[in-house]
Amino acid sequence: MLDIQPKIHDENRQGEAFAPFAQDPNKYKKKFYIESYGCQMNFSDSEIVASILNEKGFGATKNFEEADLIFLNTCSIREKAEQTVRKRLTEFKKIKEQKPGFLIGVLGCMAERLKTKLLEEEKLVDIVVGPDAYRSLPALIEEAETGQKAVNVLLSRDETYADIAPVRLDSNGITAFVSIMRGCNNMCSFCVVPFTRGRERSRDPYSIMAEVTDLYTRGFKEITLLGQNVDSYYWFNESSKEIVTFAKLLEKTALISNTLRVRFSTSHPKDITDDVLYTMSKYENICKYIHLPVQSGSTRILQLMNRTYTREWYLAKVDRIKEILPDCGISSDIIAGFCTETEEDHQQTLQIMQYAKYDMSYMFFYSERPGTLAERRYKDDVLIDVKKRRLQEIVDLQGKLSKESNEKDIDKTFKVLIEGSSKKSDEHWMGRNSQNKVIVFPKENYSLNKGDYAFVKVTNCTQATLLGNIVEIINNNK
Ligand code: SAH
Ligand code: SF4
Ligand code: F3S
């Protein structure tokens, strides 16, 4: 028996591994096992990969021991993300030794960043495929089956996989992610994504609408439109001259049904427009929640990061959101210890967090990435202990802000979409309000199901969760 456990799905998917999914074993002639790391885009891509492989007779298994192929869909965002994957690859070595003909493929951002180097560094790897080359996977598998190493890391200017229906087998059946664009044209100096994902391109809105409508007819009640920088979504049809901006796309999606919730991620502070904010306020089913990564509270550091906004611009954006959408939740990404960051810069980050009163943040210390602007131009000169101490201060402050934000919700009533039973108790439901906060409440004797909406009054909270009771059920059959 091999001592390797499949990784468990985590709610916070940034850098975490994704539980593999299974399909009917009798339907397919061969089996593959896939694990994903990194951001939601990667998890979405794994569903596209599954769809491409299904077409060629490969079915997914949750058990890598019975798989003919193992794929790791990888992330390069921080050094630690890459280390995790390397460690996982050495674990799979044991299977390879016991099973001749068994293939290992590396997909995603690490494949793109390291290209053929990955084959030299990790001798076990048979297939290396970048994020824009998944259509060539079946051909690459055939090549690898003949004993050759197979690589395709070509980036594309127009690939959006628009026509591929992702396979959603690990899903709760209620919430789903829909990719609306790929790549990123920003050049934040710390970030590897423009190198691993290529140029930004927007997906045809009609294929997005078709995918969302299909999800809705299959019972899904919430979709999240995904992209590295959703506010720069832009689609222009040469023949009809139709222009679709992100605000327009949001509206089109919201109009599919008022019982379908719409979310989106991620917004760049420089690109989010009033148009988007007004569209959010116009439709009740567009969730009042914006992930608006600040990265740093110091204008000097923001300039070195090439974020193209100042502290003041960011603060004005927060004010504008609160003016147009008074009940909107805001969350952030924060990097501690970027090149040359002083104690004063760090204090400014803490201050901006207090001003914005983030409900939640993803927080990291700076990890230098090869090939990025920052690596070429600046010295990674903040000592690791200092980075860690500053990060801890940021984490502690966020804990306090999250708790305060949740305490303010006590006695308020929210419309909650039920996602399933609470992890801790079968007697309780778990759902989210529009602001993306998790609410847990007793099922009582109401006849509700996952995918239903209910009004829940908050009675108590922890730092991460609101607790409450149902005050009204909604006619969910409408
Ligand atoms: N497109 C999104 C973020 C993508 S990466 C945006 O622009 O906001 C997710 C987060 O990882 C970033 O927001 C940033 O906070 C963090 N990150 C990116 N590169 C990093 C690095 N080199 N070191 C530490 N954190 C990093
Ligand atoms: Fe990276 Fe910046 Fe693009 Fe986000 S916007 S993916 S941080 S380059
Ligand atoms: Fe990681 Fe690539 Fe996403 S580097 S964060 S998986 S775009």
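Laboratory data are not the source of any read-out in this text; all were calculated from the coordinates shown. Model, not experiment: these values are computed from the prediction. All Cβ positions, glycine included, derive from the backbone under ideal geometry; neighbour counts span all protein chains shown.
Some points to look at:
- Less than 5 angstrom separates the built amide H of residue 108 from those of 74, 129, all sequence-distant by 5 or more or on a different chain.
- Backbone amide hydrogens, once placed in the peptide plane, bring residue 433 within less than 5 Å of 439, excluding anything fewer than 5 places away on its chain.
- The chain, helix-only ellipticity at 222 nm - DSSP H runs n ≥ 4, -39,500 (n - 2.57), divided by all residues, nearest 500: -10000 deg cm²/dmol
- Percentage relative contact order, the range 12-152, counting C-alpha pairs under 8 Å, at least six apart: 20 percent
- Relative contact order (%) - criterion: Cα under 8 Å, at least six apart; region: the chain: 9 percent
- Contour minus Cα-Cα distance for residue 421 and residue 381 (0.36 nm per residue): 9.7 nm
- Sorted largest first, the spans of the alpha carbon positions of the chain along the three principal axes are 63, 57, 56 Å.
- Pairs exceeding a 23 Å alpha-carbon distance, out of 87/400; 412/437; 322/403: 87/400.
- Estimated FRET transfer efficiency when R0 is 45 angstrom, pair residue 393-residue 146 (beta carbons, to 0.05): 0.25
- In order through the range 237-244: 3J(HN,Hα) via Karplus (6.51 cos²θ - 1.76 cosθ + 1.60), integer Hz, x for Gly, Pro: 9, 3, 6, 8, 6, 6, 10, 10
- Our coupling estimate for the range 42-58, obtained by passing each phi through the Karplus curve with A = 6.51, B = -1.76, C = 1.60 and θ = phi - 60°, is 5, 5, 5, 4, 4, 6, 6, 4, 4, 5, 4, 6, 4, 4, 9, x, 9 Hz, Gly and Pro reported as x.
- By the beta-carbon count within 10 Å of each Cβ, the least crowded to most crowded order of 69, 467, 249, fewest first, is 467, 69, 249.
- For the range 12-152, the dipole from Cβ point charges (+1 on Lys and Arg, -1 on Asp and Glu) about the Cα centre works out to 220 debye, to the nearest 20.
- In a fully extended conformation the segment linking residue 344 and residue 234 would gain 35.7 nm over its present Cα-Cα distance, using 0.36 nm per residue.
- In terms of packing, defined here as the mean over residues of other Cβ atoms within 10 angstrom, the peptides 122-129, 441-448 line up highest first as 122-129, 441-448.
- Dipole magnitude for the chain: about 60 debye, using +1 per Lys or Arg Cβ and -1 per Asp or Glu Cβ, origin at the Cα centre.
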